[in-house]
Amino acid sequence: MFQKRLFLLTFSVAMLSTICAFAQDPWKITSTKIDPSNYYGITVANGMIGVVSSPEPFKVKDVVLAGAYDLYGRGRVSNFLKSFNLLNMYLEVDGRRIGGSDATNMQQELDMHHASFTTTFSYSDKADISYTYYSLRQLPFTVLMDVTISAKKDINIGAASVMEAPDALKDVQNYYNEIDRPHVVISLLTSSAKSPTGKLLMCASNTFLFSEKHGSEPRVIHEMWDNNMHLMKFGKQLKAGEKYSFSIAGSSITSAHHDDPLNEAERMTITAKLEGRDRLIAFHNTAWDNLWKSDIVINGDAQAQQDIHSMMYHLYSFVREGSAMSPSPMGLSGLGYNGHVFWDTELWMYPAMLVLHPEMAKSMVEYRFQRLGAAKQNAFNHGFKGAMFPWESAGTGVEETPVWALSGPFEQHITACVGIAAWNYYCVTQDKEWLREKGYPILKETAAFWASRVERNGPGKYDIKNVVASDEWAENVDNDAFTNAAAKAVLQNATDAAIILGITPDADWLHVANNIPVLVMENGVTKEHATYHGEGIKQADVNLLAYPLKEITNTAQIRKDLAYYETRVPNEGTPAMTQAIFTLLYARLGEGAKAYHFFKDAYEPNLLPPLRVIAETKGGTNPYFATGAGGILQSVLMGFGGLEITSKGITQVASALPPTWKGLTLTGIGVERKTFTVK
């Protein structure tokens with residue numbers, strides 16, 4: 001009897017372990033509960049084009065392109081544009097079009113390792129159906145949808161690819177063309193339209209890819225519905241037990257990316273057609289295999305491992321090497337924050353990307369370098385020297401913050417964040433040529449800004465007045481702790497960069513840095529700003545002086561500041577990054593359990609169904625918050641992992657793991673692709 005009970009107990013534990021392993025696969029997030037009324041989509045992106053999923057069969061919620069902006073909508077400023085919905089399609093079985101109410105046993109799964117998103121469902125007793133989206137990593141403007149229909153009975157299917165223009169676009173032109181070659185017919189469904197002001201021409205094209213194993217390709221028919229929508233379709237008879245597959249490949253590009261976007265969209269689609277489905281997916285998978293050579297491996301916490309992979313997947317999806325593009329807080333997951341670029345990039349997303357993939361992080365700095373001229377004009381407009389980077393940046397680098405938001409002219413710490421990012425790129429890569437050509441020009445101009453921005457009121461009183469703090473509830477305050485300390489860091493970094501390059505630095509930079517105050521309260525806690533009196537804070541400010549600024553290095557002071565400000569953060573309405581900084585600092589202080597508390601608190605209350613996408617705030621509904629993901633990744637890489645960016649490269653400092661973690665391994669770190677471990 002005892003042996004039987006032991007067997008049952010062992011069997012039950014084994015079954016539970018199997019269930020948990022399925023639920024917490026390190027690479028796959030799966031949901032069998034798809035509720036259209038409570039659905040937050042997953043983005044499949046390649047750093048240039050993002051496709052956002054839908055709960056409806058064969059539908060796509062949004063398609064967005066990095067760098068595609070025009071003036072419309074919110075705030076009289078440039079906003080992200082939706083591209084053509086080039087992967088929407090419909091499927092008919094025996095003359096009935098399948099809708100959401102027809103799909104049973106629906107399941108959606110994100111494969112993070114190979115960046116694919118698959119939906120499977122059944123249609124009555126007639127067919128099992130699956131389709132997978134790819135934003136092809138090797139082809140920046142090209143996407144793929146792969147469809148498989150498994151017939152349970154003899155059925156007739158009709159499939160259509162529908163090209164639809166978003167409402168904001170105008171002057172839509174639709175084209176259909178067939179290019180006939182001896183062994184293939186290329187059917188091109190193409191559309192173009194102008195952006196709301198006519199500034200951009202946006203174009204998209206797609207085609208069917210048929211498998212040779214199914215014999216001759218079916219006849220494709222084009223139908224025009226209205227000015228904003230047209231389609232191409234085909235029909236096929238399937239026998240019971242037969243499995244039939246086809247794909248749709250499409251490309252979308254604008255005149256912001258190419259001088260001839262209409263023809264280029266078709267050329268790229270033809271390229272995909274002639275590469276074929278198998279080669280497209282193989283090259284895509286290889287590209288993602290290479291990305292994941294830089295990985296975070298957590299031993300002993302399967303759910304945290306899956307969640308960290310999700311955060312890495314999204315940052316990898318939102319950034320592209322060689323693009324000179326920089327991600328917005330919501331990346332390529334839709335129109336959140338209008339696709340604008342904030343300090344979210346430099347302070348929160350960029351450091352994680354910099355240690356994992358310096359070659360990708362380089363694009364984020366290049367974005368700022370190419371807009372240095374606009375930042376210099378912005379400084380001139382406000383009566384300062386050097387370069388003043390905008391709080392919200394889009395295509396041109398001018399200020400894109402709506403005028404009712406005071407952060408536009410006053411949240412000036414962004415200029416320090418850009419300078420620090422440039423310095424850190426040099427620190428990680430030790431690339432002196434880049435420093436001379438691009439890094440130092442950024443550092444020089446940002447340092448010149450701060451030297452002109454301070455008000456020189458005597459020794460130790462080079463005040464920076466009238467700013468919006470990084471704690472954005474503190475508007476138009478004087479001597480904000482983070483702003484002042486970040487300005488000091490840029491002035492020091494610019495001086496160090498000049499010396500490395502054999503250039504005589506401006507002596508005034510260090511003089512100013514040494515006289516910018518960081519205020520302290522009577523209780524010895526670092527004071528957030530001159531008029532701070534203990535009120536609640538929206539997000540981290542003072543605690544950023546310990547990391548990443550290294551302004552405060554005394555552990556007793558770091559503890560004192562943590563103990564004070566962690567009680568000033570409300571439970572709701574604050575972004576995920578603050579708890580991430582608490583996590584990082586406590587891990588470095590050797591308090592693994594306390595660090596783990598803040599690690600979980602940073603994101604678990606923010607997760608949205610059905611696939612655990614992270615919102616900006618607890619209970620928020622604005623996915624996907626790449627800023628928070630970047631902060632949490634830093635809490636693991638630089639907190640639990642102890643990575644430190646120094647002037648000599650990446651080093652490792654002492655840190656503590658959560659008590660339940662058995663080990664942490666960081667692979668492919670920095671330009672030398674090193675491995676760091678913590679046990």
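A compact table of results
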item: Relative contact order of the stretch 206-300, defined on C-alpha pairs under 8 angstrom at six or more residues apart (%); result: 28 percent
item: In nm, spacing of pseudo-spin labels at Lys662 and Asp278 (7 Å Cα→C-beta vector); result: 4.0 nm
item: Radius 12 Å from Cβ of Arg219, net charge of other residues (Lys, Arg +1; Asp, Glu -1); result: 0
item: Fewest-first sequence of Asp301, Asp154, Asp259 by Cβ atoms within 10 Å of each Cβ; result: Asp259, Asp154, Asp301
item: Amide N of the stretch 324-365 lying under 17 Å from the label point, which is placed 7 angstrom from the Cα of Leu501 along Cα→Cβ; result: 365
item: Principal-axis tilt of helix 2-23 within the chain, Cα atoms, nearest 10 degrees; result: 80 degrees
item: Overall form of the stretch 150-231 per C-alpha gyration tensor (a/c, 1.5; a/b vs b/c); result: prolate
item: Over 25 Å between alpha carbons, listed pairs Lys243/Lys293; Lys199/Lys273; Lys194/Lys236; Lys376/Lys550; Lys28/Lys662; Lys194/Lys362; result: Lys243/Lys293; Lys199/Lys273; Lys194/Lys236; Lys376/Lys550; Lys194/Lys362
item: Those aspartates and glutamates that a straight Cα-Cα span of less than 16 Å connects to Lys527, excepting residues fewer than 8 apart in one chain; result: Asp463, Asp471, Glu472, Glu475, Asp478, Asp480, Glu535, Asp541, Glu551, Asp561, Glu566
item: Charge dipole magnitude, Cβ of K and R +1, D and E -1 - the chain, Cα centre, debye nearest 20; result: 1100 debye
item: Cβ-Cβ FRET estimate between Lys465 and Gln173, R0 fixed at 56 Å, reported to 0.05; result: 0.55
item: Neighbour-count ranking [beta-carbon atoms within 10 angstrom, fewest first] of Met106, Met202, Met325; result: Met106, Met325, Met202
item: Reported label for calculated mean projected area of the Cα convex hull in nm² given (i) 48.1; (ii) 33.5; (iii) 35.8; result: (ii)
item: Theoretical gain in end-to-end length, Glu92 to Asp125 [0.36 nm per residue, Cα-Cα removed]; result: 10.4 nm
item: With Cα atoms, 0 to 90° folded angle of helix 372-381 axis to the chain main axis; result: 50 degrees
item: Packing-based ranking, highest mean first, of 244-254, 376-386 given that Cβ atoms within 10 Å are counted; result: 244-254, 376-386
item: Relative contact order (%) - the chain, alpha-carbon pairs under 8 angstrom, separation at least six; result: 12 percent
item: Arg436/Lys293 FRET efficiency (R0 30 Å; Cβ-Cβ; nearest 0.05); result: 0.50
item: Met521-Arg181 FRET efficiency (beta carbon distance; Förster radius 60 Å; 0.05 resolution); result: 0.20
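Bear in mind that the values in this text are calculations on the coordinates, not laboratory data. This is a predicted model, so every value here is computed, not measured. So basically every Cβ, Gly included, is an ideal-geometry build from the backbone, and we count neighbours across all protein chains shown.
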